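Working notes, structure below.
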Ligand code: 26W
């Protein structure tokens with residue numbers, strides 16, 4: 001019977017239409033007469049989701065049957081963006097569904113616009129996790145993502161009077177057709193309480209420690225199917241946890257009539273997964289965040305262990321079945337939690353357990369910035385997780401014992417590698433715990449991986465040796481970042497390469513070099529760029545009211561606003577250009593390459609300087625775009641509320657994009673890869689993965705400038721007594737001080753941090769070389785345009801290395817020791 005009635009897969013247009021109508025009428029309880037775009041989006045999503053679930057079930061069954069090792073990618077953030085378009089593309093159903101939807105009276109583009117972004121991440125780290133999920137599924141790895149189902153994702157940003165204003169991002173308003181709530185999967189998670197000594201077994205004299213939790217919440221699982229690319233590809237799982245109250249409730253209070261108070265603790269439970277912390281690269285050390293981390297780690301490990309126990313294998317085989325990857329230090333509690341489960345609950349010896357922990361866990365570092373390194377005050381830790389703190393002390397004790405044997409008397413070394421920082425207050429250094437408790441540590445670009453060995457982990461390298469540390473350069477998924485974001489370019493490439501195979505084997509792009517002399521191809525290439533620039537111009541008009549001209553050079557910097565990323569340098573450059581234009585005659589102006597500088601990005605709500613940078617960009621925009629003398633040559637816009645779906649429109653429209661961080665500060669960057677893959681060139685410092693991009697596509701195709709990372713310390717040291725501004729920057733500061741861009745008081749802190757507070761990000765030292773690179777861009781763009789297009793084509797052709805498929809394969813081989821499953 002089961003087989004006879006098993007749900008049929010969607011194969012034809014008709015299958016989809018039937019499911020669509022069904023969902024409108026039953027799942028949504030609507031009819032043909034009141035099916036608006038929202039309902040049509042929901043019904044389409046449900047129909048596509050059904051298809052994914054069938055494959056999801058098959059994939060999971062096969063994985064369980066084969067009993068192969070599985071990877072658990074632990075990430076506190078997943079910046080998934082929209083799901084529907086991606087699912088249609090990956091399953092190959094986009095074209096038939098587009099036709100169906102149109103026959104049903106809708107436009108597919110309109111339906112896609114109905115979907116809110118899943119924005120449960122801040123920036124690079126969260127988007128990287130999303131790209132890796134796509135590659136796991138596409139390459140048939142048995143790999144799950146684990147995260148938190150925040151009810152409020154990253155805030156949405158409005159610009160009011162030039163200032164950023166934050167609004168809550170409640171993305172679940174119209175429910176979410178892409179998630180499946182697993183009411184049968186709920187685990188208790190405890191906090192607070194105390195540690196007790198109990199007999200190892202009833203009646204024994206030997207004692208062991210156990211944790212008696214003081215407050216309990218439930219973790220409830222929500223699953224998101226993650227479809228791989230290809231008609232018959234696997235569907236993997238992203239499991240997100242949501243906090244719920246337990247149903248044990250305070251009867252004493254209830255009976256005495258205190259109804260409200262009797263449910264108070266329960267209501268508190270839900271606050272754990274309510275909101276994503278909006279800090280990026282800055283550790284605020286808030287107790288609720290540690291609570292979120294433990295909640296998620298405990299639930300995920302519980303789930304992993306439950307699955308492992310079903311296999312009835314001995315514990316020592318755990319690392320042969322399970323790989324846990326820590327996406328930065330946020331899930332580092334996996335280490336003491338797994339040790340606690342094995343020792344306190346499962347009765348393994350400390351040493352046996354520790355071997356298992358270390359063999360299971362791998363750690364990826366995403367930043368060298370001191371202020372981003374997670375440290376928890378012992379007081380908070382002790383209160384929230386008393387047993388884990390003891391375990392961490394023990395881990396540290398055994399570790400330091402081994403260090404002192406190897407390096408007797410080296411107290412500085414001991415202090416530096418210790419998990420506990422003897423500061424006031426004392427703190428737990430999560431990065432040290434992550435290195436000590438895992439078998440491999442990697443950075444995210446070649447330069448970054450070298451730097452962590454020389455800086456934050458220098459002493460740990462001494463202890464463990466360099467072989468424990470390595471590199472996996474980040475990658476991006478060509479499905480979302482080429483096919484979905486830039487369908488016109490994808491189509492043009494497919495027409496030349498004879499199909500879509502390059503989307504799952506990005507090195508095939510190399511064949512594009514054959515067409516460098518093909519005039520028709522190059523003119524189509526240009527048409528695609530113009531189309532994408534026009535598309536972005538419309539978005540800019542809708543969101544800012546400004547009209548920008550697609551024939552201008554589009555110069556784009558989109559990323560979180562941060563002093564180290566140096567948006568301030570970019571806007572100073574824009575001001576410099578404006579002042580130059582103002583000072584020339586109308587005739588001379590005509591020699592300028594018309595250009596629009598486009599910015600977007602969010603500032604952490606508490607990040608004062610970043611917010612001032614946004615204000616300055618907006619004030620400059622206002623002056624430039626309204627100046628009749630210069631606006632034919634130079635404009636500037638700030639696009640509000642940057643997110644994944646906007647990135648998909650913005651990135652394909654660039655001629656130039658800016659990756660201009662102070663050398664040595666940007667771990668990798670991934671938008672640099674997205675821009676080049678979408679036929680834009682880069683201006684950048686030799687930082688993060690830009691170094692490798694230049695290596696792959698040729699240095700002559702990247703506009704490089706600025707001090708090298710190995711010289712940054714020296715340059716900084718030269719600021720100790722005096723910061724010398726180049727006259728170019730001096731002129732810019734004079735204009736700002738002279739209220740040309742509004743009240744100069746607002747920008748004083750920004751300028752002072754450079755001229756009076758030692759210019760930590762060396763803007764003054766890099767400014768002239770930045771301007772020189774900009775000059776070269778103008779010259780190249782304005783000159784023989786064929787040369788420009790050739791640069792773009794050559795660059796795209798050599799981007800194969802930056803596919804997330806390559807990155808994930810390196811992790812699989814070097815760190816996880818897993819092979820892909822056959823379909
Ligand atoms: C504790 C607060 C906090 C929050 C987030 C600290 C650090 C983070 C992230 C690790 C910051 C982040 O997203 N880093 C970015 O990771 C990307 C993916 O590897 C890199 O491409 C970026 O260069 C890096 O800034």
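Tabulated results
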quantity	calculated
Some residue of region 272-283 being assigned to a helix (DSSP H, G or I) and either buried (at least 22 other Cβ atoms within 10 Å of the Cβ) or not assigned by TED's automatic domain parsing to the domain that holds residue 560 (or both)	no
Residue 151 being in contact (Cβ under 8 Å) with a residue 40 or more places away in the chain and farther than 18 Å from residue 337 by Cβ	yes
Answer from 316, 268, 340, 306 - the residue that is part of a helix (DSSP H, G or I), over 26 Å from the mean Cα position of the chain (by Cα) and crowded, with 18+ Cβ neighbours inside 10 Å	340
Matching residues in region 343-365 - criterion: being part of a loop (DSSP other than H, G, I, E, B) and closer than 24 Å to residue 292 by Cα	365
Matching option when the condition is outside any helix (DSSP H, G or I), modelled with pLDDT of 95 or more and within 30 Å of the chain's Cα centre (by Cα), among 766, 759	759
Test: residue in region 479-495 that is part of a loop (DSSP other than H, G, I, E, B), modelled with pLDDT of 95 or more and over 30 Å from residue 627 (Cα atoms)	yes
Number of the exception - residue 238 against (1) over 24 Å from residue 274 (Cβ atoms); (2) in contact with a helix residue (DSSP H, G or I) (Cβ under 7 Å, 6 or more places away or on another chain)	(1)
Matching option when the condition is over 32 Å from the mean Cα position of the chain (by Cα) and either assigned by TED's automatic domain parsing to the domain that holds residue 469 or surrounded by 14 or more Cβ atoms within 10 Å (Cβ to Cβ) (or both), among 725, 821	725
Hits in region 366-384 - residues which are outside any helix (DSSP H, G or I) and more than 18 Å from residue 290 (Cβ to Cβ)	366, 367, 368, 369
Residue check, residue 596 more than 21 Å from the chain's Cα centre (by Cα), away from the ligand (no atom under 16 Å from the Cβ) and outside any helix (DSSP H, G or I)	yes
Which numbered condition residue 325 fails, given (1) assigned to a strand (DSSP E or B); (2) away from the ligand (no atom under 16 Å from the Cβ); (3) touching a helix residue (DSSP H, G or I) at 6+ places or on another chain (Cβ under 8 Å)	(2)
Subset of region 124-164 (residues that are within 16 Å of the ligand (Cβ to nearest atom), assigned to a loop (DSSP other than H, G, I, E, B) and closer than 17 Å to residue 331 by Cα)	150
Some residue of region 244-251 being part of a strand (DSSP E or B) and touching a helix residue (DSSP H, G or I) at 6+ places or on another chain (Cβ under 6 Å)	yes
Residue that is nearest to the ligand (Cβ to nearest atom), among those in region 103-121 that are surrounded by 23 or more Cβ atoms within 10 Å (Cβ to Cβ) and under 27 Å from residue 273 (Cα atoms)	121
Filter result (under 19 Å from the mean Cα position of the chain (by Cα) and away from the ligand (no atom under 16 Å from the Cβ)) within region 76-102	82, 83, 86
Residue check, residue 371 surrounded by fewer than 19 Cβ atoms within 10 Å (Cβ to Cβ), touching a helix residue (DSSP H, G or I) at 6+ places or on another chain (Cβ under 8 Å) and not assigned by TED's automatic domain parsing to the domain that holds residue 669	no
Residue match in region 385-397 (condition: under 29 Å from residue 562 (Cβ atoms), out of contact with any helix residue (DSSP H, G or I) (no Cβ under 6 Å at 6 or more places or on another chain) and either at pLDDT 95 or above or outside any helix (DSSP H, G or I) (or both))	no
Residues of region 646-704 satisfying the condition of being touching a strand residue (DSSP E or B) at 6+ places or on another chain (Cβ under 8 Å), more than 12 Å from the ligand (Cβ to nearest atom) and within 25 Å of residue 157 (Cα to Cα)	646, 647, 648, 650, 651, 653, 654, 656, 657, 658, 660, 675
Extreme residue, farthest from the ligand (Cβ to nearest atom), among residues of region 418-452 that are farther than 20 Å from residue 467 by Cβ and assigned to a strand (DSSP E or B)	420
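The values are calculated or read from the model by the stated rules, or taken from the named source; none is laboratory data. Keep in mind that this is a model prediction, so the values were computed, not measured. Reconstructed Cβ throughout: ideal geometry from the backbone, glycine too, with neighbour counts over all protein chains shown.
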